[in-house]
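What follows is a short report on a single structure.
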Amino acid sequence: MTTSHYIAGRWVEGLGSDCITVNDPSLGQPFAELMAASVAQVDQAVAAAREALPAWKQVSASARARYLRGFADQLGQRREALIALQMRNNGKPRHEAEIDLDDAVATFVYYADLAEQLPQKNCDVPLAAPGFTARTRLEPVGVVGLIVPWNFPLVTSAWKLAPALAAGCTVVLKPSEVTPLIEQAYGQIAETLGLPAGVLNIVNGKAETGAALSSHSGLDKLSFTGSNSVGSQVMRSAAAQCRPVTLELGGKSAIVVFDDCDVDQAVEWIVAGFTWNAGQMCSATSRLLVQEGIADALLPRLQQALEQLRVGNPSSAEVDMGPLTSQAQWLKVASYFATAREEGLRCLAGGKALDREGWFVSPTLYTDVPVDSRLWTEEIFGPVLCARRFSTEAQAIAEANDSRFGLVATVCSADLERAERVADALEVGHVWINSVQAVFVETSWGGNKGSGIGRGLGPWGLSGYLSVKHVTRCLG
Ligand code: NAD
């Protein structure tokens, strides 16, 4: 691919020094290459967004909403191609790729609706003091840099693009170098819809391109989703310029199963919570806390379910779980298998890379994992579950909360009063009760503690791209 960057309404050739190789993880083989954007091209993209901002701010909220509905329609028209590309480049099973596409569409529709309601939020403010009037104005934050990872490229970018454009911001998006083709659809759609040049820019590249964007003095805000190590560098750049940053980072989330659960149902929730997208989810519920009364019945059933999971190439067969998306991720997960062996952990299922082409690993279960094990405390980002038993509700809450992360949790219990009580006590941004990984665009997304700063989705996602202004007038 030669023209893979969308800057100021034009597709341009990458002039950076990095060559990006795009792989099919099911085969472990490349199928496309592109040149990264240069630092000068990042400058051009930010300059284009800056130039487009005054006019885009003046476009009415209802007209911005029409563009967002256009994005939703156009994603629908590209449905098959985008599903196929996610299956090939991410290794997602078809049903997962379909859900990602549907989530992206729903996100654009939702923020179109919210954009239409924005003018009513500009309103008079009643004042206790006589002699003054005041009114509220919600204004776009300005030029925003958006940096995203590779695990849900279509969705994560939609979660940032849709509210940013709805708010009246102009943006520079940097997709992950692991999946640089999927978000090109957003540039193609912008072109098809006649979105004004510079409102949406896309620069592809690796760390150098990301760093050039996150440290750019021409941004008003940066929104980052990715790892904690890069997140802290991004935060340092934001601190150096004293400007806002939203961070959606990693997790090591708990699933708490009480002994009043139906065993088969609980097994289904547990498996989905750490094998969806081959476990490459910030929200993977990869720490299982199972109550003593049900553990002996549940763990063998869980082992059996994992052994029956169909792992394979999404293009050739009915599969439940595909490969890991990159070789680097595959090597990282394999290194945790080695650590587990060194630590002497008890492995009930998996624990190895599969001996075949592509970057496959077995869904893995370790039991009675000590709380100081690296596998219990660190984000692995693969289909690896660590289990521990608990006796009391208080113990479950304490162990679930004993983490530097605080993204999500799942609580499984037939006693709904207890489930709600435990949900309230968990130090995370989102809790599922008797369900797993169900993310709705109306609810918030983001975490506490080391899982990030700020919230995406829902009205909170839009607020992240709006700034509040008050105009106070003296009547005297
Ligand atoms: P990553 O941090 O390696 O990369 C994320 C993005 O940052 C990529 O586009 C990358 O090119 C860019 N980047 C790399 N170095 C940079 C630098 N120095 N400056 C600026 N940008 C830079 O993460 P990843 O491996 O792509 O994704 C996996 C991580 O993302 C996991 O930790 C996962 O938990 C997290 N994640 C979090 C959420 C959430 O909503 N909380 C969602 C998805 C993924």
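Points worth noting:
- Solvent-accessible area of Glu343 with every protein chain in place, 1.4 Å probe, in Å² to the nearest 10: 70
- Between Ala63 and Lys332, the distance separating the two model label sites (each 7 Å from Cα on the Cα→Cβ line) works out to 4.3 nm.
- Cα-derived Rg over Rh, computed across the range 254-441 with Rh taken as Kirkwood radius: 0.95
- Three principal axis lengths of the chain [C-alpha, angstrom, descending]: 74, 60, 40
- The alpha-carbon of Lys252 sits under 15 angstrom from the alpha-carbons of these aspartates and glutamates, leaving out residues fewer than 8 places away in its chain: Asp372, Glu378, Glu379, Glu399, Asp402, Glu427.
- Hypothetical label at Thr21: residues of the range 325-345 whose amide nitrogen lies under 14 Å (7 Å Cα-Cβ projection): 326-329
- Take every pair of alpha-carbon atoms less than 8 Å apart whose residues are at least six positions apart; their mean separation over the length of the range 1-120 yields a relative contact order of 23 percent.
- With all protein chains modelled, accessible area of Glu80 [1.4 Å, Å²]: 100
- Each helix, a run of at least 4 DSSP H residues, gives -39500 (n - 2.57); summed and divided by the residues of the chain, these come to -13500 deg cm²/dmol at 222 nm.
- Nonpolar atom fraction for the chain, defined as the carbon and sulfur part of the 1.4 Å probe accessible area, stands at 52 percent.
- Screening the chain for whole DSSP H helices with an alpha carbon extent of at least 27 angstrom along the helix axis and a mean Kyte-Doolittle hydropathy of at least -0.5 yields 39-58, 94-121.
- Extension gain from His95 to Arg404, taking 0.36 nm per residue of separation minus the Cα-Cα distance: 108.0 nm
- Cross-link table Lys174/Lys221; Lys221/Lys332; Lys57/Lys469, entries beyond 21 Å C-alpha to C-alpha: Lys221/Lys332
- A dipole drawn for the chain from +1 and -1 charges on Cβ atoms has a positive end, and of Gly447, Leu331, Gln280 the residue lying farthest that way is Gly447.
- Assigned charges on the beta-carbon of Lys, Arg, Asp, Glu; the range 21-163 dipole about Cα centre (debye): 380
- For the chain, the residue among Val171, Pro363, Val436 whose Cα projects farthest onto the positive side of the dipole built from Cβ charges is Val171.
- Placing +1 on the Cβ of every Lys and Arg and -1 on the Cβ of every Asp and Glu, with no other charges, gives the chain a dipole of roughly 1700 debye about its Cα centre.
- Relative contact order, whole percent, for the chain stands at 18, derived from Cα pairs under 8 Å and 6 or more residues apart.
- FRET E, pair Trp460, Val263, Förster distance 30 Å, beta-carbon r, rounded to 0.05: 0.25
- Glu139, Glu208, ranked by accessible area, largest first (probe 1.4 Å): Glu208, Glu139
- Rg and Dmax [Cα atoms of the range 164-279; Å; Rg one decimal, Dmax integer]: 19.1, 58
- Distance in nm between pseudo-label sites at Arg421 and Val125 (7 Å out along the Cβ direction from Cα): 4.2
- Cβ charges +1 (Lys, Arg) and -1 (Asp, Glu), total dipole of the range 93-214, debye: 440
- Surface analysis of the chain yields an accessible area of 39 Å² per residue, using protein heavy atoms and a 1.4 Å probe.
- Taking label points 7 Å from Cα along the Cα-to-Cβ direction, Gln77 and Ala297 give a separation of 5.5 nm.
- Comparing Ser413, Leu127, Ser4 along the charge dipole axis of the chain, the residue lying farthest to the positive side is Leu127, per the Cβ-charge model.
- The range 254-441, relative contact order in percent, only Cα pairs under 8 angstrom and at least six apart counted: 27
- The distance separating the Cα centre of the range 19-66 from that of the range 154-193 comes to 7 Å.
The values are calculated or read from the model by the stated rules, or taken from the named source; none is laboratory data. Keep in mind that this is a model prediction, so the values were computed, not measured. FYI the Cβ positions are ideal-geometry reconstructions off the backbone, even for glycines, and counts take in every protein chain you see. Just the protein is used for accessible areas: all its heavy atoms, side chains included, with ligands, DNA and RNA removed. Shrake-Rupley method; radii C 1.70, N 1.55, O 1.52, S 1.80 Å.
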